[in-house]
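Presented below is the structure to which this report refers.
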Amino acid sequence: MTAEKKKIHPYKFTLWVAMGSMLMMFAGFTSAYIVKRNQANWQGFDLPSIFAYGTVVILLSSVTMQLAVKNIRSRNMQAYRQLLLVTAILGIAFLAMQWTGFIQLNERGIRLIGQGSNVSGSFLAVIAGMHMLHVAGGIVALVWMLRNALFSKTRNYSAVPAEVAAQYWHFVDLLWIYLFVFLQFVS
Amino acid sequence: MSELVLNPTVAHGAHETAHHDHHEQGFVSKYIFSMDHKTISKQFLITGIVWAIIGGLFSVFFRLQLGYPESTFPWLEDILGRWAEGGRIKQEFYYALVTMHGTVLVFFVLTAGLSGTFSNLLIPLQIGARDMASPMLNMLSYWFFFGASIVMISSLFIQTGPFSGGWTAYPPLSAVGDMSPGSKLGVDLWITAMALFVVSSLLGSLNYIATILNMRTKGMSMTRLPLTIWAFFFTAVLGVLSFPVLFSGFILLLFDRNLGTSFYLSEIYVQSTQTALPNEGGSAILYQHLFWFLGHPEVYIILLPAMGMASEIMSTNARKPIFGYMAMVGSMFAIAILAFLVWAHHMFVTGLNPFLGAFFVLLTLLIAVPSAIKVFNWLTTIWRGNIRFTPAMLFALGFVSLFISGGLTGIFLGNSALDIHLHDTYFVIAHFHIVMGVASFFGMFAGVYHWFPKMFGRFMNNTLGYIHFWGTLICAYVIFWPMHYEGLAGMPRRYYDYSQWQSFKQFGELNELITIAAIISFLLQLVFVFNFFYSIFKGRKMLVQNPWESNTLEWTTPINAGHGNWPGEIPEVHRWAYDYGKDGVDFIPQTEPVGKDESTHH
Ligand code: HEM
Ligand SMILES: [Cu+2]
């Protein structure tokens, strides 16, 4: 019977499809990048190492997120809340590090936008910037869940929201790793 | 235990309770912020109708200019004010009208109005579900569309006028504000509206996919789905994968407009301000790639729902099973795949490498194969059928006629060698208006006439329906057929006044004829609009549940179904949707268990 065979939760399924959609947007950016790179007037540059450190941070945050899911499954609310908080903080740290990377490039004389900018820098701004917006969206979700877990009125022991959030969080994490490797080796 | 609880996909969330107390709902939650897919579908339809009137009226305005370039119409000034000073449409406004006409009809009417209406109405009803996977997202989808509409409308009323660079919004006209009045605030509003539109479309499509794959009733395997649902499914998949790419193109455009980047701009000198722009290294062609990667799938996003509905309506009204069900599904699948591989046929003359162009020619012409299969199957479906010529059936037949006429000219355009001559001429205008514009409108009309009783519990008037059909069909061919000749003679699209060219003077009277037909066809659509709204309140009442004697599940719901669709359990499905005239029985609904001595069943 159809209803019993389907194990995947509809929200998770919808998120999978949405992930495909988000991936297509970044595929749009990266293929435009490849097209432009092969044309004249392309100035390649090295990424500051802070982008690599940021990658480690966001990887770490995926681990803490997964631990949070594990803890809510075993109803360990205290640890769950702490891990959510840590994940959100790591996320904010990631955003700060990306921003610092932009500033460092600017100091090296590589303009990302405005007068004197080169397409290569602008692409970094757009690609990393759009990714940052996706991370920021995830952070908002984490804060919202933290709020729900803190107040008894809204407290809920269902693991589904945490699992959906984790699915998204791992997605933006893997997405960044793809983008980072892409920017590192294709530029 | 009801199906509602059995089915885990609806067993949680607050909306479950809403099923049971819908009679206590207030006006706002019932008609405005409704989460009932049937209400949302009506919202999409009525918004779409309003947009179609606006978009159609725009075409009447610019057709007046094209048909009577020498005349003035003082009443135009009364309506349009300074945009038509002295009764003649100003050049800038002419371009704005053309742009808005295209944008509105392609996106707001034939995407949101068509898919939004019928995916919403039919998916839950025909697969046997109480509502969408997420009624909340569904409601948001409509309100994002509404927001997009407000922003787009507001751009009509600003000082510098709406965007005027064509519905494809190519840079630099869309990227540099100094290019023209319509390149100023109008573009920002256009992009904002389109961004909201993309969000609306994505939310909708996500929901359609999740619902079709997860929420089918017992016995409704994928191969028992009506072809309408398959069509909506492929439409949603195309949307989910192609709209984000358009979105990425828009983001780069926004950066170029507002943040001084050079993705699309390079070495540009602006006449109006006598300045050279500092941008270097950009490429306007890049935008075209990103745009057409959506743009081509988009034309099938518009066409597939019409194909699905025409299939369903033709089978029902020919009292015959659809011919080649699996071939129909297979060709829609092939069309969906190929839709992603042919975008460069819009770019043959952009300096595309001819070697690369050859591949795009091949892939483009391959689309003719699944298209021909579908046409063949439609024709064999009605072959020797016991046809009931309802207005819906007529529109479905008209759809097939238009799809054939317009598809054939696609084969001309798909050959890059011919396209060098035909690109950006009226031949292209004729091609896509017939195959996409009018054909999909016919699919939509067929759907409205056919499912109107399900939506409003009343019938539309048949006589007005027949007038609407024959009038529109004749006008459509009178408008677009001559355009092929104009295009073959090299008449370019998007010009303001052709009487200035010696070589196009010969078309003066033809252009007049086209304009007259366009005006008549616009008035005929008002007949439809009148019929639609009049019938909502005064139409003949629907007295039986299944007026068309159709097999699909939507006709097993009560005449005025509440939220949740079936008062009791959701019916179980035992067969495919097309058992018409089987074993001498006129029709066997999907809910009918297979009899003992029935011939092999599907
Ligand atoms: C056998 C099938 C078809 C072939 C080979 C084909 C081929 C083409 C080609 C090569 C062009 C580009 C012409 C140019 O700009 O120079 C074109 C334009 C277009 N086609 Fe088709 N087409 C086919 C069917 C369709 C269908 C089914 C639709 C819509 C449902 C459609 C919608 C359009 C639109 C909207 C444009 C023009 C867009 C614009 O430039 O504004 N075509 N077609
Ligand atoms: Cu195309």
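The values are calculated or read from the model by the stated rules, or taken from the named source; none is laboratory data. In this text the structure is predicted, and so the values were computed from the model without any measurement. Cβ coordinates were reconstructed from backbone atoms using ideal geometry, including for glycine residues, and neighbour counts include every protein chain displayed. These accessible areas exclude ligands, DNA and RNA; they are computed on the full protein's heavy atoms, side chains included. Shrake-Rupley method; radii C 1.70, N 1.55, O 1.52, S 1.80 Å.
General observations
- Qualifying position, being farther than 18 Å from residue A:137 by Cβ, modelled with pLDDT under 95 and more than 14 Å from chain B (Cβ to nearest Cβ), among A:67, A:47: A:47
- Every listed requirement among (1) assigned to a helix (DSSP H, G or I); (2) surrounded by fewer than 22 Cβ atoms within 10 Å (Cβ to Cβ) is met by residue B:469 save one, (2).
- Index of the failed condition, residue B:316 passing every other in (1) part of a helix (DSSP H, G or I); (2) within 14 Å of ligand 2 (Cβ to nearest atom): (2)
- Flag for residue B:347 being more than 14 Å from chain A (Cβ to nearest Cβ) and either more than 9 Å from ligand 1 (Cβ to nearest atom) or closer than 30 Å to residue B:486 by Cβ (or both): no
- The stretch B:331-351, residues that are part of a loop (DSSP other than H, G, I, E, B) and touching a residue at least 24 places away in the same chain (Cβ under 8 Å): B:340, B:342, B:347, B:348, B:349, B:350, B:351
- Looking across the stretch A:129-158, just one residue is in contact with a Lys or Arg (Cβ under 8 Å, 6 or more places away or on another chain) and open to solvent by less than 20 Å² (accessible area, probe 1.4 Å), and that is A:149.
- Boolean, residue B:322 is touching a residue at least 12 places away in the same chain (Cβ under 8 Å), away from chain A (no Cβ under 14 Å) and among the aliphatic types (A, V, I, L, M): yes
- Considering B:403, B:376, the condition of being part of a helix (DSSP H, G or I) and either within 8 Å of ligand 1 (Cβ to nearest atom) or surrounded by 22 or more Cβ atoms within 10 Å (Cβ to Cβ) (or both) is satisfied by B:403 alone.
- Among the residues of the stretch B:310-328, none qualifies, meaning not one is crowded, with 19+ Cβ neighbours inside 10 Å and within 12 Å of ligand 1 (Cβ to nearest atom).
- Residues of the stretch A:98-130 satisfying the condition of being facing another protein chain (nearest Cβ under 9 Å) and acidic (Asp, Glu): none
- Comparison of B:446, B:439, B:430 shows that the only residue that is within 28 Å of residue B:538 (Cα to Cα), touching a residue at least 12 places away in the same chain (Cβ under 8 Å) and assigned to a helix (DSSP H, G or I) is B:446.
- Residues satisfying the stated conditions in the stretch B:549-585, i.e. outside any loop (DSSP other than H, G, I, E, B), on the phi < 0 side of the Ramachandran plot and open to solvent by less than 60 Å² (accessible area, probe 1.4 Å): B:553, B:554, B:555, B:556, B:580, B:582
- Of the listed requirements (1) within 14 Å of chain A (Cβ to nearest Cβ); (2) part of a loop (DSSP other than H, G, I, E, B); (3) open to solvent by 40 Å² or more (accessible area, probe 1.4 Å), residue B:282 misses just one: (3).
- Odd one out for residue B:354 among (1) under 26 Å from residue B:546 (Cβ atoms); (2) open to solvent by 40 Å² or more (accessible area, probe 1.4 Å): (1)
- Scanning the stretch B:382-404 for residues that are small (Gly, Ala, Ser) and at pLDDT 95 or above yields B:392, B:396, B:398, B:401.
- If you go through the stretch B:472-494 and pick out every residue that is part of a helix (DSSP H, G or I) and either closer than 14 Å to residue B:433 by Cα or open to solvent by 20 Å² or more (accessible area, probe 1.4 Å) (or both), you end up with 16.
- In the stretch B:244-279, of all residues being among the small types (Gly, Ala, Ser) and surrounded by fewer than 23 Cβ atoms within 10 Å (Cβ to Cβ), the one that is nearest to the other protein chains (Cβ to nearest Cβ) corresponds to B:260.
- Some residue of the stretch B:205-216 being in contact with a Lys or Arg (Cβ under 8 Å, 6 or more places away or on another chain) and facing another protein chain (nearest Cβ under 9 Å): yes
- Subset of the stretch B:134-174 [in contact with a helix residue (DSSP H, G or I) (Cβ under 6 Å, 6 or more places away or on another chain) and of a type in the set (A, V, I, L, M, F, W, C)]: B:137, B:140, B:144, B:145, B:148, B:151, B:152, B:158, B:163, B:167, B:173
- Screening the stretch B:357-373 for residues that are more than 10 Å from ligand 1 (Cβ to nearest atom) and either open to solvent by 30 Å² or more (accessible area, probe 1.4 Å) or among the aliphatic types (A, V, I, L, M) (or both) and picking the one that is nearest to residue B:334 (Cα to Cα) gives B:373.
- The residues listed here are B:165, B:147, B:128; of these, the one that is open to solvent by less than 10 Å² (accessible area, probe 1.4 Å) and either over 30 Å from residue B:591 (Cβ atoms) or more than 16 Å from ligand 1 (Cβ to nearest atom) (or both) is B:128.
- In the condition set (1) away from ligand 2 (no atom under 14 Å from the Cβ); (2) within 14 Å of chain A (Cβ to nearest Cβ); (3) open to solvent by 20 Å² or more (accessible area, probe 1.4 Å); (4) not charged (D, E, K, R), residue B:290 is compliant with all but (3).
- Note on the stretch B:207-226: residues that are open to solvent by 20 Å² or more (accessible area, probe 1.4 Å) and in contact with a Leu (Cβ under 8 Å, 6 or more places away or on another chain) amount to 1.
- Listing of helices (runs of 4 or more DSSP H) fully contained in the stretch A:1-115 that carry 2 or more residues being out of contact with any helix residue (DSSP H, G or I) (no Cβ under 7 Å at 6 or more places or on another chain) and under 27 Å from residue B:247 (Cα atoms): A:10-37, A:77-107
- Members of the stretch B:420-452 found to be within 16 Å of ligand 2 (Cβ to nearest atom), open to solvent by 10 Å² or more (accessible area, probe 1.4 Å) and of a type in the set (A, V, I, L, M, F, W, C), listed by number: B:428, B:429, B:432, B:435, B:436
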